[in-house]
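See below for the structure under consideration.
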Amino acid sequence: MSGANGFSVSGYGPERAGWTRLFARDSLARRLDWPILLAAVALSLIGSLLVYSATRNRTEINQGDPYFFLLRHLLNTGIGLALMIGTVWLGHRTLRNAVPVLYGLSVLLILLVLTPLGSTVNGAHSWIQLGGGFSLQPSEFVKITIILGMAMLLAARVDAGDKLYPDHRTVLQALGLAAVPMLVVMLMPDLGSVMVMVIIVLGVLLASGASNRWVFGLLGAGAAGALAVWQLHILDEYQIARFAAFANPSLDPAGVGYNTNQARIAIGSGGLTGSGLFEGSQTTGQFVPEQQTDFVFTVAGEELGFVGGGLIIVLLGVVLWRACRIARETTELYGTIVAAGIVAWFAFQSFENIGMTLGIMPVTGLPLPFVSYGGTSMFAVWVAVGLLQSIRVQRPMSA
């Protein structure tokens, strides 16, 4: 407060006024969704411990430094937080205007993967090596541009007040926008990412209010397409082997079924509270391949048990719950669609990753959001959190 002469009174000088503005009812700090932010940070920190446990003894990949992957995971998390802050600062509405540029860049990057610049990791030719041990997986950013692009098209006339729901022509345009990068990713082939993108498209259409005939039609087309892919032998041998091992876990236990068998052994041995952090025999013995990335949940299951694994699932549930709330409370269709697309992405990818370690889903090479080691995937999920926070921040405050 200030007196009539302009001097501050009651100790409320300029510095106190700054703090007052920061925590005022309509300030940025008060508008942020803190549960989703804290849950995502907790998942990333838990992931750093799991990644460290999975890699500290693996000299063949950690370059002789037990902290190599731990430090990189923390660095990726820090960069991800910076990207989230940048996304909130720009705002989802500003990014709406930049969708054509972002879409063009993402398509260009995935096309570069198909050139000699691309490299193959675990059977998927979906990476670009940047040198210095760093690599880029452009399909992770495609998930974001599909969400933003489809939201821009489907919400344009509705938010303008011209229509109550997207018409058939607009839906066709949105599906065409999503189909182009999805076809390129299929050529890599990266079946796991395509599966996530299909779920994103379905989630976006459901949130947009488009006719349910489109959703049922896409489900039917997807089933027919999957059958055609199988019959025409479009899948690579390693992908067929993964589905075969899922259908019959005892098939070739020393080969294609090895990963899933070892994953179930690791999780099953954890019991209620686990063997203790850094004390898992399966993890220490390096029996589970790709444990810092695709199978990171097995470290939690073995060393932290049902309690630790359950905590990760609860934290992911908090992220999804708050994202659903953001989608419901925003007053613009564009924000609703973006938030719903992120919910569909996180929900399916989490279920697929955890499901494949439990043997209830086929192995597809998808990381566990916020937890698995990987720079591009970490950057993408934190940008998505930034979009959710931007939608939350820019919505009108309730009375």
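Exactly one residue out of Thr115, Thr55 is modelled with pLDDT of 85 or more, open to solvent by less than 80 Å² (accessible area, probe 1.4 Å) and either of a type in the set (Val, Ile, Thr) or more than 22 Å from the chain's Cα centre (by Cα) (or both), and it is Thr55.
Inspection of the stretch 333-341 identifies at least one residue that is under 14 Å from Met195 (Cα atoms) and touching a residue at least 24 places away in the same chain (Cβ under 8 Å). Is there any pair with a first residue in the stretch 269-292 that is at positive phi and a second that is open to solvent by less than 20 Å² (accessible area, probe 1.4 Å) and in a helix (DSSP H, G or I) whose Cβ atoms are under 6 Å apart and which are 6 or more apart or on different chains, and what are they? Taking only residues 6 or more apart or on different chains, the pairs are Gly271/Gly305; Gly274/Glu303; Gly274/Gly305; Gly274/Gly308; Phe278/Ser53. Just so you know, in the stretch 280-306 the residues that are among the β-branched types (Val, Ile, Thr) and outside any helix (DSSP H, G or I) include one that is least open to solvent (accessible area, probe 1.4 Å), and it is Val288. Taking the conditions (1) open to solvent by less than 50 Å² (accessible area, probe 1.4 Å); (2) part of a helix (DSSP H, G or I); (3) more than 17 Å from Phe379 (Cα to Cα) in turn, His125 satisfies each one other than (2). Condition check for Ser372 on (1) part of a loop (DSSP other than H, G, I, E, B); (2) under 19 Å from Gly91 (Cα atoms): one failure, at (2). On the stretch given as the stretch 176-193, residues that are among the β-branched types (Val, Ile, Thr) and either more than 20 Å from Pro367 (Cα to Cα) or out of contact with any strand residue (DSSP E or B) (no Cβ under 9 Å at 6 or more places or on another chain) (or both) total 2. Comparison of Ser269, Ser275 shows that the only residue that is over 17 Å from Ser372 (Cβ atoms), more than 26 Å from the chain's Cα centre (by Cα) and outside any loop (DSSP other than H, G, I, E, B) is Ser269. State the number of residues belonging to the stretch 160-198 that are open to solvent by 30 Å² or more (accessible area, probe 1.4 Å) and closer than 14 Å to Glu140 by Cα. Residues meeting the conditions: 5.
The values are calculated or read from the model by the stated rules, or taken from the named source; none is laboratory data. Nothing here was measured: the structure is a model prediction, and the numbers come from that model. Note that each Cβ is placed from the backbone with ideal geometry, even for glycine, and that neighbours are counted across all protein chains shown. For the accessible areas, the whole protein counts, side chains as well, though only heavy atoms, and no ligand, DNA or RNA atoms are used. Shrake-Rupley method; radii C 1.70, N 1.55, O 1.52, S 1.80 Å.
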